[in-house]
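The values are calculated or read from the model by the stated rules, or taken from the named source; none is laboratory data. Owing to the predicted nature of the structure, the values given are computational and were not obtained by experimental measurement. Methodologically, a virtual Cβ is constructed for each residue, glycine included, from the backbone with ideal geometry; neighbour enumeration extends over all protein chains shown.
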Amino acid sequence: MNGFINVLKPPGLTSAAVVGAVKRLTGERHVGHAGTLDPEAAGVLPIMVGRATRLFEYLADKEKTYIAECAFGAATDTQDAQGRVIQTGDSWPDWNQCLSACASLIGEIQQRPSAYSAIKKDGKALYRLAREGRSVDVPTRTVRIDRIELLRQLPGHGLLMRVDCGRGTYIRTLCHDLGTLCGCPAHMRFLLRCKTGSFDLSTAVTLEELEAAASAGTLVEHLLPADYPLERFPAVRVSPAFCRMATNGAAIPLEECEGTAEEDGYARVYLDGAFRGIAQRKGGSLVWKTLLPE
């Protein structure tokens, strides 16, 4: 099996555990995830299977969409519901206050995530340092928020919202900062990732569905093709006469191609109608960056 499985990860499971489950079900040695989800978060988690693991660096995960619940009244050390309460308050913000605060969080902003995050310092995740009781100085980082849509208020002083953002954004930090702006401590109570790059809920499948498919021998029906998340790259089809040379790793002259790419740009390359990898244009040729074996 070679391609992607878009898993709908449940809360309470690590991304690594999902990889382990897919390894067991597919029997493939080479399996990895594209974009970590926190254990308590739910949502789409693209899993690379087989030769698709070689395409990790070309995946577009800059555009993400989340649905989150911000709970006012308490801030925690992890900035989510699993943490220790470090501040409380009852100056509950109204709808207009939340709208105004959200408007100030649009664009490129500075975030200071919790010490209990996967950000690495000297090669070690900050949450590991924090759990060891070591003092952690978390640096601020620039992230991009494209849109915050307030959906509705929820019981327990909760606020449900949809967030469109760039990679590296911590939604729990966004909830914490929203509480600060509204004058009432807050944390993230719930998180669902609806989209990451080309993967969204429309193609997502649960682990239970994968288990059933594996038992029925239909697991391949949930496999998305290896070129599924690469549509932003132009497609190039190599002439039949040059396919054997290209298969051996030779640079591909553009005159042997249907389609092209911008100088130094990447292209999806197809040999005999099958996707075989990514090449980069250098002058009048395409040079392989990743050639997938047949």
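Numbers for the structure displayed
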{"read-out": "Any hit, the stretch 208-219, residues being crowded, with 19+ Cβ neighbours inside 10 Å, in the same structural domain as residue 16 (by TED's automatic domain parsing) and more than 21 Å from residue 63 (Cβ to Cβ)", "value": "yes"}
{"read-out": "Matching entry among 52, 75, 68 (being out of contact with any Cys (no Cβ under 8 Å at 6 or more places or on another chain), part of a strand (DSSP E or B), surrounded by 14 or more Cβ atoms within 10 Å (Cβ to Cβ) and of a type in the set (A, V, I, L, M, F, W, C))", "value": "75"}
{"read-out": "Candidates 44, 22, 7, filtered to the one that is under 23 Å from residue 201 (Cβ atoms), among the β-branched types (Val, Ile, Thr) and in a helix (DSSP H, G or I)", "value": "22"}
{"read-out": "Where residue 21 falls short, out of the listed (1) crowded, with 20+ Cβ neighbours inside 10 Å; (2) among the hydrophobic types (A, V, I, L, M, F, W, C); (3) within 30 Å of residue 82 (Cα to Cα)", "value": "(1)"}
{"read-out": "Residue check for residue 86: farther than 14 Å from residue 161 by Cα and of a type in the set (A, V, I, L, M)", "value": "yes"}
{"read-out": "Test result for residue 1, touching a strand residue (DSSP E or B) at 6+ places or on another chain (Cβ under 7 Å), under 14 Å from residue 224 (Cα atoms) and part of a loop (DSSP other than H, G, I, E, B)", "value": "yes"}
{"read-out": "Where residue 214 falls short, out of the listed (1) outside any helix (DSSP H, G or I); (2) modelled with pLDDT of 95 or more", "value": "(1)"}
{"read-out": "Conditions (1) part of a loop (DSSP other than H, G, I, E, B); (2) surrounded by 14 or more Cβ atoms within 10 Å (Cβ to Cβ): number failed by residue 262", "value": "(2)"}
{"read-out": "Number of positions in the stretch 191-203 that are buried (at least 21 other Cβ atoms within 10 Å of the Cβ) and among the hydrophobic types (A, V, I, L, M, F, W, C)", "value": "2"}
{"read-out": "Output for the stretch 273-294, where each listed residue is among the charged types (D, E, K, R) and modelled with pLDDT of 95 or more", "value": "276, 281, 282, 289"}
{"read-out": "Residue within the stretch 280-294 that is more than 21 Å from residue 32 (Cα to Cα), loosely packed, with under 14 Cβ neighbours inside 10 Å, touching a Lys or Arg at 6+ places or on another chain (Cβ under 9 Å) and among the aliphatic types (A, V, I, L, M) present", "value": "yes"}
